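What follows is a single structure, written as C-alpha cells, with notes after it.
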Amino acid sequence: MDFRGPGSRPLRALVLDTDGVLLDSAGLHAAAWKAALDACLKAVAGEEQPPFDSDADYRRFVDGRPRYDGAATFLAARGLGLPAGTPHDPAGSATIWAVAARKEQAFTDLLRTEGVRAFGDARPALAALGAVGVPCAAVSASRHARALIRAAGLAGLLAVIVDGEDAARLGLAGKPDPALFLRAAALLGSHPKETAVAEDALAGVAAARRGGFALVAGVDRTPLGSAAGPLREEGADLVIPDLVTLVRSAWGATG
C-alpha cells in the first residue's frame, strides 16, 4: 500500500502516541485510574455505582486524556458533579483535581514497583524509519513520558518528544484536541498533510482526525482485535496490530 496525503504528497514524518503505542504502560495507567475512580465512586455514591471498568471505561473516558480531563469526563458520564478544586488539592475524592492527584499517586507507586518497558516492535520500527529518513515524534499527556521513553532506550530514535510538561508550559489542550500532535509535527518541520499519526486511544484518533493528518493509524494491541471497530468508528484510516506493520504498509521499510 502506498499512503499519501492530499495532492499525492508523500508521508514525510510520523507522530506516535506513547502509552500503548511505544510503551507497554497503558495497563499501569488503567490500574491507577481504577484505584482512584473506584475510591471516588465508593466515597461519593456508595454502592449505587458499578466500579470502573479497566477496559471499556478506560478506553472510552480516560485513555489519552490529561488526568483532570479524564477524571472529569468519567465522573460526568456517571452523573457525579464534583467541584473542580485546584491543581494543588491532595489526593482524595472531594474534587476532580483530588481524584486526578490520587490517580497520579497510584501510577507513581505502580511505576516504582513494576516499571515499564517498550513494546518489542517499537525499536525496530523507529530504526527502520530512521534508516529511510522519516523523522518521528512521541506525544503524551503524561508528565512522566520523557523519562519513561529515555529509560526504555527509545529517546535516541525520536527526533521530538512532546509530553505533559510541555503541554502545561505552553498551554496546549489535551486530546481530543489536536494541539499536542500539531506541536509535534511543527517541531518535526512537517505539515499535517504530510504526516502520519499512530494512536491506540479513541481520543487520540479523534485528535489526529481533527488535526487534518494525512494518515491516522489505529494501533490495536488487544489479543482478539477488539479495539479495531471502535478505532475505525472514531476515524482511523487503518488499524494495525503493531508498528512494524505500519512501517511496511506506509513506507515500505522493514524493521
Of those in the stretch 76-100 that are free of Cβ contacts under 8 Å to residues at least 24 places away in the same chain and assigned to a helix (DSSP H, G or I), the residue nearest to Val219 (Cα to Cα) is Ala77
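Is it fair to say Ala217 is without any contact (Cβ under 8 Å) to a residue 40 or more places away in the chain, crowded, with 19+ Cβ neighbours inside 10 Å, among the aliphatic types (A, V, I, L, M) and within 25 Å of Arg123 (Cβ to Cβ)? Lay out the reasoning, then the answer.
On the way: without any contact (Cβ under 8 Å) to a residue 40 or more places away in the chain: yes; crowded, with 19+ Cβ neighbours inside 10 Å: yes; among the aliphatic types (A, V, I, L, M): yes; within 25 Å of Arg123 (Cβ to Cβ): yes.
Yes.
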Which members of the stretch 130-170 meet the condition of being free of Cβ contacts under 8 Å to residues at least 60 places away in the same chain and among the acidic types (Asp, Glu)?
Glu165, Asp166
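Could you tell me which of the residues Val239, Val205, Val197 is at pLDDT 95 or above, part of a strand (DSSP E or B) and within 20 Å of Arg65 (Cα to Cα)? Walk me through it before giving the result.
Numbers: Val239 fails: within 20 Å of Arg65 (Cα to Cα); Val205 fails: part of a strand (DSSP E or B).
It is Val197.
May I ask you to verify whether Arg59 is assigned to a loop (DSSP other than H, G, I, E, B) and in contact with a helix residue (DSSP H, G or I) (Cβ under 8 Å, 6 or more places away or on another chain)? Even if it seems obvious, please write down each step before you answer.
Working: assigned to a loop (DSSP other than H, G, I, E, B): no; in contact with a helix residue (DSSP H, G or I) (Cβ under 8 Å, 6 or more places away or on another chain): yes.
Criteria not met by Arg59.
A quick yes/no check of all residues on (1) charged (D, E, K, R); (2) in contact (Cβ under 8 Å) with a residue 24 or more places away in the chain; (3) touching a helix residue (DSSP H, G or I) at 6+ places or on another chain (Cβ under 7 Å); (4) not in a strand (DSSP E or B):
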{"residue": "Thr113", "(1), (2), (3), (4)": "no, no, no, yes"}
{"residue": "Ala128", "(1), (2), (3), (4)": "no, yes, yes, yes"}
{"residue": "Asp177", "(1), (2), (3), (4)": "yes, yes, yes, yes"}
{"residue": "Lys193", "(1), (2), (3), (4)": "yes, yes, yes, yes"}
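For Val244, are the conditions met, namely being modelled with pLDDT of 95 or more, part of a helix (DSSP H, G or I) and touching a Ser or Thr at 6+ places or on another chain (Cβ under 9 Å)? Talk me through it step by step, then tell me what you get.
Numbers: modelled with pLDDT of 95 or more: yes; part of a helix (DSSP H, G or I): yes; touching a Ser or Thr at 6+ places or on another chain (Cβ under 9 Å): yes.
Yes: the conditions hold for Val244.
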In the stretch 43-61, residue surrounded by the most Cβ atoms within 10 Å (Cβ to Cβ) [restricted to those that are touching a residue at least 12 places away in the same chain (Cβ under 8 Å) and over 23 Å from Pro241 (Cβ atoms)]:
Phe61
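The values are calculated or read from the model by the stated rules, or taken from the named source; none is laboratory data. Small disclaimer: the values here were computed from a predicted structure and weren't measured. No Cβ is skipped: glycine too gets one built from the backbone with ideal geometry, and neighbour counts run over all protein chains shown.
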